[in-house]
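Colleague: Sharing a structure with you now.
The values are calculated or read from the model by the stated rules, or taken from the named source; none is laboratory data. Not measured: the values here are computed from a predicted model. Don't worry about glycine lacking a Cβ; one is built from the backbone with ideal geometry, like all the others, and counts go over all protein chains shown. In case anyone asks, the SASA skips ligands and DNA or RNA and just uses the protein heavy atoms, side chains included. Shrake-Rupley method; radii C 1.70, N 1.55, O 1.52, S 1.80 Å.
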Amino acid sequence: GSPTVEGKLTEADLLKALNLAIPRHDTSIPLTQNGLGYNNLIYIALLLRSMEHSASEKRGRNAVAYSMLAVEEPEAHLHPALQYKLLKYFTKQDQTRQIFMTTHSTHITAGAGLDPIISLSSNYSGEMVVVYPSECFQENPSGVTSKKYVERYLDATKSNMLFSKGVLFVEGIAEQLLIPTLTEYIPGCDLEKQHVSVINVGGSTFKHFLPLFGARVQTGVSSLQCRVGCITDGDPKRRRKSQDKERYKKCYPYQIDLESSQYEYQAFSSVVINLEEDANSIANIQVTHSVKTLEYDLAYENENSNLIVTDSCTNKAKMEEFRLNKDLESDAARKLLDEETIEDLKKLDEVEQDKAAFASAYLESLENSKGEHALDFANALRNNAENTGEDREDFVIPEYISKAIKWACGKGQE
């Protein structure tokens, strides 16, 4: 008999016989030599084109009416810039009616904005909670403003809050640098192990972020369940009674109510008051504040510490001299503090006077270098924490900071 060729060659058989290669200069690189990230991108591109073909009019009655694409963790093996590029590519697809992505990437959540995000997490009872972050904001001018603010600042660092079990909101770069290091002096509190993020809100704009966690949230809308600590400055102020239009100006805590006949006082800033009102009755949000500022309170609790005066302090030599001898009549005191402040300090008892005097001088010496100092100070604290025995210096963490850290880590308070 005569030989014949039998069987049916399918499209899949043809594809198996081909090798996809990428032309590069004078050679072709087979896909097997590519990284997994690039190969995933090529596979996704081919899959999208196949789905586009399946839904096209050319298929007639056999066209797919409603196609969906599900992608698990598209960030795998991809550089952050490629993650963002892939996300933008997905958003431009017309033929794929709906795309679902599961992700742990802060770059993808930052690039997506709030509207497409669905957060799945378990609450403290172990129940699954589904949260649509964009719906947490009230439909009024204040809510719209807050939502726009959060979307504008939802970069890769701030979008950590969507994945965390605890969040610490802080005012600025100094707190962002120092607080992770200060936790090394609080037993049982490790921010990384407890999945706690420190988020710098860039000022006193805490209120914009809090609706995500239940403050001023729309009625009937679920919010993110993690513990939230807001760490802010007390910033006491005063103004002269004789000048009605004069604005409140910063003052020191020990000056509050010192001359009530001449001044009106605010022991704490309006930021603190408004924050406490927002957090009132919200079980997972706690607000703590300093007496004055972060730097003042740290120096007040550690007025004799060898660690606290860094090269970033203005008049470092005088600061070191004043740390060792807190005589208000000394040249160092006159160099670091103004006459009114010195006279007010003299009205305090000896122990309080030493603490407040050093804290005041310390704050003045950092007026224009808080960020640089925070970096130097954090390094000094970290190096000290690694020491053991007599080589390690004790360092006292102000109560408002330790309370917030323990809260976010779920330690000591239920």
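Colleague: Is it true that some residue in segment 187-201 is open to solvent by 60 Å² or more (accessible area, probe 1.4 Å) and either among the basic types (Lys, Arg) or over 28 Å from Glu295 (Cα atoms) (or both)?
Modeller: Yes.
Colleague: Evaluate the following for Asn34: is it open to solvent by less than 60 Å² (accessible area, probe 1.4 Å) and without any contact (Cβ under 8 Å) to a residue 12 or more places away in the chain?
Modeller: On the way: open to solvent by less than 60 Å² (accessible area, probe 1.4 Å): yes; without any contact (Cβ under 8 Å) to a residue 12 or more places away in the chain: no.
Considered against the rule, which asks whether it is open to solvent by less than 60 Å² (accessible area, probe 1.4 Å) and without any contact (Cβ under 8 Å) to a residue 12 or more places away in the chain, Asn34 comes out as no.
Colleague: Can you tell me how many residues within segment 145-172 are β-branched (Val, Ile, Thr) and either open to solvent by 50 Å² or more (accessible area, probe 1.4 Å) or assigned to a helix (DSSP H, G or I) (or both)? Steps first, answer last, please.
Modeller: First pass over segment 145-172, keeping only residues β-branched (Val, Ile, Thr): 145, 150, 157, 167, 170.
From the residues that got through so far, the ones that are either open to solvent by 50 Å² or more (accessible area, probe 1.4 Å) or assigned to a helix (DSSP H, G or I) (or both) too are 145, 150, 157.
Matching residues across segment 145-172 total 3.
Colleague: Looking at His77, His104, can you tell me which residue is loosely packed, with under 15 Cβ neighbours inside 10 Å and on the phi > 0 side of the Ramachandran plot?
Modeller: Details: His104 fails: on the phi > 0 side of the Ramachandran plot.
Just one listed residue meets the conditions, His77.
Colleague: Consider Lys85 carefully, then state whether it is farther than 27 Å from Ala12 by Cβ, open to solvent by 100 Å² or more (accessible area, probe 1.4 Å) and within 25 Å of the chain's Cα centre (by Cα). I'd like the intermediate steps shown before the answer.
Modeller: Details: farther than 27 Å from Ala12 by Cβ: yes; open to solvent by 100 Å² or more (accessible area, probe 1.4 Å): yes; within 25 Å of the chain's Cα centre (by Cα): yes.
Yes.
Colleague: A further question on this structure: Considering only strands (runs of 3 or more DSSP E) fully contained in segment 61-134, which possess at least 2 residues that are closer than 30 Å to Gly410 by Cα? Working first, answer last.
Modeller: Details: elements: 68-72, 98-102, 119-122, 128-131.
Output list reads 119-122, 128-131.
Colleague: If you don't mind, another one. I'm checking my understanding of the structure. Among residues of segment 244-273 that are of a type in the set (S, T, N, Q) and open to solvent by less than 90 Å² (accessible area, probe 1.4 Å), which one is farthest from the chain's Cα centre (by Cα)? Can you show your working first?
Modeller: First, pick out the residues of segment 244-273 that are of a type in the set (S, T, N, Q): 255, 260-262, 266, 269-270.
Checking the rest, the ones that are also open to solvent by less than 90 Å² (accessible area, probe 1.4 Å) come to 255, 260, 262, 266, 269-270.
Details: Gln255: 33, Ser260: 40, Gln262: 41, Gln266: 29, Ser269: 22, Ser270: 22 Å.
Only one residue fits best here, namely Gln262.
Colleague: Can you find a residue that is open to solvent by less than 70 Å² (accessible area, probe 1.4 Å), assigned to a loop (DSSP other than H, G, I, E, B) and touching a strand residue (DSSP E or B) at 6+ places or on another chain (Cβ under 8 Å) anywhere in segment 404-412? Lay out the reasoning, then the answer.
Modeller: First, the residues of segment 404-412 that are open to solvent by less than 70 Å² (accessible area, probe 1.4 Å): 404-405, 407-410.
Okay, now just the ones that are also assigned to a loop (DSSP other than H, G, I, E, B), so 410.
Restricting the remaining residues to those that are touching a strand residue (DSSP E or B) at 6+ places or on another chain (Cβ under 8 Å) gives 410.
Within segment 404-412, one or more residues are open to solvent by less than 70 Å² (accessible area, probe 1.4 Å), assigned to a loop (DSSP other than H, G, I, E, B) and touching a strand residue (DSSP E or B) at 6+ places or on another chain (Cβ under 8 Å).
Colleague: Can you pull out the helices (runs of 4 or more DSSP H) entirely within segment 326-403 that have at least 1 residues that are of a type in the set (Lys, Arg)?
Modeller: Values: elements: 331-336, 339-345, 350-365, 370-386.
Passing ranges, in order: 331-336, 350-365, 370-386.
Colleague: I'm checking my understanding of the structure. Among residues of segment 279-299 that are surrounded by 20 or more Cβ atoms within 10 Å (Cβ to Cβ) and small (Gly, Ala, Ser), which one is nearest to Lys207 (Cα to Cα)?
Modeller: This residue is Ala279.
Colleague: Which pairs have Cβ atoms under 8 Å, sit 6 or more apart or on different chains, and link a residue in segment 1-16 that is surrounded by 10 or more Cβ atoms within 10 Å (Cβ to Cβ) to one that is aromatic (Phe, Trp, Tyr) and at pLDDT 80 or above?
Modeller: none
Colleague: Here's another thing I want to ask about it. When you scan segment 51-74, how many residues do you find that are small (Gly, Ala, Ser) and surrounded by fewer than 11 Cβ atoms within 10 Å (Cβ to Cβ)? Walk me through how you get there before you give the answer.
Modeller: The initial filter retains those residues of segment 51-74 that are small (Gly, Ala, Ser), namely 54-56, 60, 63, 65, 67, 70.
Next cut, surrounded by fewer than 11 Cβ atoms within 10 Å (Cβ to Cβ) only: 60, 65, 70.
Total satisfying the criteria: 3.
Colleague: Looking only at segment 107-144, which residues are surrounded by 13 or more Cβ atoms within 10 Å (Cβ to Cβ), aliphatic (A, V, I, L, M) and closer than 16 Å to Ser223 by Cβ?
Modeller: Within segment 107-144, Leu114, Ile117, Val129, Val131 meet the criteria.
Colleague: Let me ask you something else. Within segment 293-304, can you find the residues that are assigned to a loop (DSSP other than H, G, I, E, B), touching an Asp or Glu at 6+ places or on another chain (Cβ under 7 Å) and in contact (Cβ under 8 Å) with a residue 60 or more places away in the chain?
Modeller: Within segment 293-304, the first condition is being assigned to a loop (DSSP other than H, G, I, E, B), and the residues that meet it are 293, 302-304.
Now narrow it down to the ones that are touching an Asp or Glu at 6+ places or on another chain (Cβ under 7 Å): 293, 303.
Scanning segment 293-304 gives a single hit, Thr293.
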